[in-house]
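Notes follow the structure.
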């Protein structure tokens, strides 16, 4: 870019709305498309009221902030010196600049630091990477998807350096191919009105709006949207209809075409993430190679996710088994307390006849809860960690199962789309429950699996039409992103954190379970006291010989 110097920055905060406070600020000077010089990272010394009652927030340990943080005015002055008059750019600029920095400057009566006429890299990424529907375009997801290097930093600095890598390795080649090679055009492109090519809501959700060129039903829906009484919806519809007359932008390709076979799959998967180039008028052979590489990666990601989830659910099943008696006692007492309260309220307002119905409702609720525990117990008994051999088999199975992935194939044929939806639903249910047997059956003969269930037959082979193969490739990319996001969500969960802790220190399990038992026991004692109190109140109102709920 001719504009040689600018700043990528990121912030982290505590609080919400008008009580938001800056706790970390990081930045990297850029020269053109590349980082220039050392980055800046500053922690803010917290005010005593910010972290009242908290020892950890957003990954920041209170003691670290108090030890390494600097007063807010010093942090902002350091950022002013670092940024100079360079334009400020951020991944989600509206949040980091408008919701964080500007209020901080105003609170300290400081002038804005740096030139605030930058642009939002998140908006740029959304548009350049389309039609890959990367959801929120979370940096962690894109880092994994494009296999950007891990910079081994923490917090905001990690985000800033990841953004710089994403910009240089992924966004730059696409931008330059589209003629976005100067600051003015790049900024205008990022800020222009734009909507994703895949529809994000409505009955055609997931379909490309370009399908309206040959699908009258989608075009009619877009025309309806353009006439909406909601200004935002109407603007979207009008934009889509106008864009139908324009050529789709060139799509990014993420590796050079080459032959695909089992022996070189690892090397190909590695190559898949690098060397962003572009293609125009792709041929079937090359599209097939793109699809084969995407399928290999999706298979490996699915197998890894399923294995990780089986380990977490196996631990959850073990904990449930040991805690079940305590859970059941607590939930029974909750039912007793709630229905005794309801009995008293109904008795006082509607009389004994109506109150007697509460006893029957209690019996039904108690039976339902008992059955639910039986069902959960049966389900948990089947949960176990996959063996090494099963994990190896799972990887092989997924390499067959991903060949069935054709989400757009039958979009205009409801009966066949219904079969495809049921088939993928069966695969996902088996994945989530660790049901290898079902995965084996589907992978071995998907058509026989469909026929045994009486579903409409579908052709699960790839279509050789370039436009269909291109759609399939983009759908595979979207599915890869979805699995990455699911894996990240799993790894952020408390259950996964506990699993990791117990992998390192198995002896902690008894302590963890003991803590939970202690917490449940305290709740049980309170419920018992409440239940006894309500029992006495019912006896006073209805007589000592009144049937007791629970």
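Quick one: compute a quarter of the convex hull surface over the Cα atoms of region 143-204 and quote it in nm².
Orientation-averaged projected area of the Cα hull: 6.3 nm².
In this calculation the C-beta distance from residue 482 to residue 352 is compared with R0 = 60 Å, giving a FRET efficiency of 0.60. On a C-alpha basis, how far is the centre of region 396-447 from the centre of region 474-550 in Å? Whole number, if you could? Each part's Cα centre sits 34 Å from the other's.
Stretched out straight at 0.36 nm per residue, the stretch from residue 185 to residue 388 would grow longer than its current Cα-Cα span by 67.8 nm. A crude spin-label estimate for the pair residue 150 and residue 433, with each label 7 Å from Cα along the Cβ direction, gives 3.4 nm.
If the segment from residue 363 to residue 522 were pulled out straight at 0.36 nm per residue, it would be longer than the present Cα-Cα gap by 54.7 nm. Rounded to the nearest 10 degrees, the angle from helix 494-504 to the longest Cα principal axis of the chain is 90 degrees. Approximating the spin labels as points 7 Å out from Cα along Cα→Cβ, the residue 424-to-residue 510 distance works out to 4.8 nm. Every pair of different Cα atoms in region 187-254 enters the Kirkwood calculation, which places the hydrodynamic radius at 12.7 Å.
How many percent of all Cα-Cα pairs in region 402-519 sit more than 19 Å apart? Taking all Cα-Cα pairs of region 402-519, the fraction more than 19 Å apart is 62 percent. Under conditions of 20 °C and 1.002 mPa s, the chain yields 76 µm² s⁻¹ as its translational diffusion coefficient, taking Rh as the Kirkwood radius over Cα pairs in the Stokes-Einstein equation. Between 0 and 90 degrees, the angle of helix 388-401 with respect to the longest Cα principal axis of the chain falls at about 60 degrees. Look at the alpha carbon pairs under 8 Å that are at least 6 residues apart: their mean separation over the length of the chain gives a relative contact order of 13 percent. Computed per residue of the chain from DSSP H runs no shorter than four, each worth -39500 (n - 2.57), the mean residue ellipticity at 222 nm is -19500 deg cm²/dmol.
Throughout, read-outs are computed from the coordinates displayed, never taken from laboratory work. Bear in mind the structure is a predicted one, so any value in this text is a computation, not a measurement. Here the Cβ is made from the backbone with ideal geometry for all residues, glycine too, and neighbour counts use every protein chain on show.
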